[in-house]
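Input: a single structure, listed below in structure tokens.
The values are calculated or read from the model by the stated rules, or taken from the named source; none is laboratory data. Computed from a predicted structure; not experimentally measured. Note: ideal-geometry Cβ built from the backbone for every residue, glycine included; neighbour counts use all protein chains shown. To get the accessible areas, we keep the full protein, side chains included, count just its heavy atoms, and leave off ligands, DNA and RNA. Shrake-Rupley method; radii C 1.70, N 1.55, O 1.52, S 1.80 Å.
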Amino acid sequence: NELALQVINTTLAAGAYYGVYEQELGGATLFGRPRVFAIEPTLGVRWTQIDAKVEVGPMTARRKVQWTDPFIGARMIYDIDDRWNFAAEADIGGFGAGTEFSAHGQAYLGYRTMIHDVPTMFRVGYRVLYQDYDGGDNVSDFKYRVTQHGPVVGLSITF
């Protein structure tokens, strides 16, 4: 008997932040803004969809679930010099609204440059997302307690 498992995970997050603390560090970034150290609380939602399929020989079982979690957190930005910056963010969520609990964190190093006179930032870092979803009390209900983590890369272009 052959065993096959396929899981497709889609996660989207949207939120807002508010600058509660900002200290100028002297000098300017490559993009002409003051270098800063900043702390910004965040508030948002994270939508997750899991599409799982298991095949054992001729039998197939499939389950597709989705949920939306509110989250609260904070982010920190530190401009190391005119080109380099370090940023980190963390949040917790769920609160029984979607998952029982979720936690997310990421940290990255950014590099500012100009590409054809357009401000561009390259980022590289690491991200962790933990979600504890319990779809119900029955044996056949979907349960998802997973930690995903790994490297991230990003690109920001300002027009």
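The alpha carbons of the chain stretch over 65, 34, 22 Å along the principal axes, in descending order. Take the Cβ atoms of THR113 and TYR21, set R0 to 22 Å, and the FRET efficiency comes out at 0.20. Between VAL45, VAL36, VAL56, the Gaussian network model of the chain with springs among Cα atoms under 10 angstrom shows the greatest mean-square fluctuation at VAL56.
Of the solvent-accessible surface of the range 24-131, computed with a 1.4 Å probe over protein heavy atoms with every protein chain present, carbon and sulfur atoms account for 61 percent. For the range 1-38, the residues whose backbone nitrogen is under 12 Å from a point 7 Å from the Cα of TRP47, taken along Cα to Cβ, are 10-14. Solvent exposure of the chain amounts to 63 Å² per residue of accessible area, where only protein heavy atoms count and the probe is 1.4 Å.
Springs between alpha-carbon atoms under 10 Å, Gaussian network over the chain: tell me which of ALA16, ALA74, ALA107 tops the mean-square fluctuations. Top of the fluctuation ranking is ALA16. Computed from the C-beta positions of ILE8 and TYR78, the FRET efficiency with R₀ = 30 Å rounds to 0.25. Summing charges over neighbours of MET76, with a neighbour being any other residue whose Cβ is under 12 Å away from its Cβ, gives -3 when K and R count +1 and D and E count -1.
Note on surface exposure: MET76, MET121, MET114, MET59 rank MET59, MET114, MET76, MET121 by accessible area, highest first, 1.4 Å probe. Of GLY73, GLY32, GLY110, which is the most mobile in a GNM of the chain whose springs link Cα atoms less than 10 angstrom apart? Its mean-square fluctuation being the largest, the pick is GLY32.
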